[in-house]
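I have placed the structure first, in the form of structure tokens, so that the comments after it can refer back to it.
The values are calculated or read from the model by the stated rules, or taken from the named source; none is laboratory data. None of these values were measured; they are calculated from a predicted model. Please note: Cβ atoms are built from the backbone with ideal geometry, for glycine as well, and neighbour counts cover all protein chains shown.
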Amino acid sequence: MPPPPDAPVVLQVLPSLITGGVERGTVEIAQAIAEAEATALVASAGGPLVHTIQRAGGHHITLPLTTKSPLGIWRNAAALEALIRDHKVSLVHARSRAPAWSAWLACQRTGVPFVTTYHGTYDERFPLKRAYNSVMARGRIVIAASHFIAELITTRHQVDPARIRVIPRGVDPAIFDPATVSGDRIARMAADWRLPDDVRTVVLPGRLTSWKGHAVLLDAIARLRRPDVMCVLVGSDQGRHRYAIDLESQARRLGIADRLRLVGQCDDMPAALALSDVVVHASTRAEAFGRVVIEAQAMGRPVIASDLGGPVETVRHNETGWRVRPNDPSALAEAIGTALDLEPADRLALGQRARASVPKVRQMQEATLDVYEEVLTADTQTP
């Protein structure tokens, strides 16, 4: 059924729809917009999740939004301006910096309100990087995934806190539910990972990039000196083949090569987490949120997270998981040992507390729709 004629048209822009938290959040919001009988448009360079957008009730427009060149950004601004006018877009929601600049320019030209989600901490080691990053703080409302990010936005960009809304990411408790993951799914995952019988699994989900702390985890596994423990790294190397090779070399030096699995991208994360005895977040840089942490908690898994960034707000130490000093393999090894040695009743109780504590995707969707309504209502009331 088509949306009502006066329903808003919301355009989300991001580089591509391949994989990751930004992309999944885009899908979830497109679904919420469609369920609210509005029109959900998504512009990106495309990818496997385009079909997911369409199944969620959204419409995808392919534009070369991965480009970071000034000329490409300028051309994309013109394309987005035309899209806004042709589709009578009511509001633009930008989720990444280069396409956000194009979207901001298009909104300036059309007078359409501009909203952003500040998804990361964003590197500022190079000159002019803060200016480049600042577009994510130019929304009429700036959505932050955590209080940590809200404070960063205020400090770096002097944004009035009244313009910031903290909306944590959420999980779908129907998808990330240990009761709904069948034994067959878990068995298939174990076979895919080539796991021997009777091993304990320590799993780090996340794309293969050095700041995710894979090397720290390998060092911690070696310090455990437990031959029954397998270390599984779940995530695409996204072309970083050299880094994957380096991790395998490190495992050989540490004498744990036979207990390391690099399994690549996973299309069934609930089953992967159900197969995990311990889930580790070992990032050495602060993350805006850390979606994998709450997904593991929703599955009732013992979680160990670096004590910085967003996970500080989602892992209550010694209650719903553990937080350890980042880049400290000794502390990480000790926490892994503690988690592996939990008595079954204590493990179950921790999992229940963790599952009860996680934010739900419906809360995130409703809060984001509230932001849209707030901006659109204010826009109609402006003389």
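I need the full set of residues from region 201-210 which are surrounded by 18 or more Cβ atoms within 10 Å (Cβ to Cβ) and touching a helix residue (DSSP H, G or I) at 6+ places or on another chain (Cβ under 8 Å), in order please.
Going residue by residue through region 201-210, those that are surrounded by 18 or more Cβ atoms within 10 Å (Cβ to Cβ) are 201-206, 208.
If the condition is that a residue be surrounded by 18 or more Cβ atoms within 10 Å (Cβ to Cβ) and touching a helix residue (DSSP H, G or I) at 6+ places or on another chain (Cβ under 8 Å), then 202, 203, 204, 205, 206, 208 are the ones that fit.
Against the condition farther than 17 Å from residue 22 by Cβ, crowded, with 22+ Cβ neighbours inside 10 Å and either in contact with a Phe, Trp or Tyr (Cβ under 9 Å, 6 or more places away or on another chain) or modelled with pLDDT of 95 or more (or both), how does residue 279 come out, does it pass? Quick ask: steps written out before the conclusion?
Details: farther than 17 Å from residue 22 by Cβ: yes; crowded, with 22+ Cβ neighbours inside 10 Å: yes; either in contact with a Phe, Trp or Tyr (Cβ under 9 Å, 6 or more places away or on another chain) or modelled with pLDDT of 95 or more (or both): yes.
In short, yes.
Could you go through region 108-119 and let me know if any residue there is of a type in the set (Ser, Thr, Tyr), over 23 Å from residue 59 (Cα atoms), surrounded by fewer than 21 Cβ atoms within 10 Å (Cβ to Cβ) and modelled with pLDDT of 95 or more. No, region 108-119 contains no residue that is of a type in the set (Ser, Thr, Tyr), over 23 Å from residue 59 (Cα atoms), surrounded by fewer than 21 Cβ atoms within 10 Å (Cβ to Cβ) and modelled with pLDDT of 95 or more.
Considering region 287-311 alone, what residues qualify as being out of contact with any helix residue (DSSP H, G or I) (no Cβ under 7 Å at 6 or more places or on another chain) and of a type in the set (A, V, I, L, M, F, W, C)? Correct list: 292, 294, 308. When 333, 367, 349 are screened for being in a helix (DSSP H, G or I), in contact with a helix residue (DSSP H, G or I) (Cβ under 6 Å, 6 or more places away or on another chain) and on the phi < 0 side of the Ramachandran plot, only 333 passes. When every residue of region 179-195 is checked against the conditions, at least one turns out to be among the aromatic types (Phe, Trp, Tyr), closer than 19 Å to residue 301 by Cα and surrounded by 14 or more Cβ atoms within 10 Å (Cβ to Cβ). Among the residues of region 74-95, which ones are in a strand (DSSP E or B) and either at pLDDT below 95 or among the hydrophobic types (A, V, I, L, M, F, W, C) (or both)? Correct list: 91, 92, 94. Restricted to strands (runs of 3 or more DSSP E) entirely inside region 140-235, those with at least 2 residues that are on the phi < 0 side of the Ramachandran plot, in contact with a strand residue (DSSP E or B) (Cβ under 9 Å, 6 or more places away or on another chain) and in contact (Cβ under 8 Å) with a residue 60 or more places away in the chain are 142-144, 200-205.
Between 17, 49, 41, the distinction of being over 19 Å from residue 169 (Cβ atoms) and surrounded by 20 or more Cβ atoms within 10 Å (Cβ to Cβ) belongs to 41 only.
Tell me which residues, restricted to region 107-130, are in contact with a strand residue (DSSP E or B) (Cβ under 7 Å, 6 or more places away or on another chain), without any contact (Cβ under 8 Å) to a residue 40 or more places away in the chain and not in a loop (DSSP other than H, G, I, E, B). Within region 107-130, 107, 114, 116 qualify.
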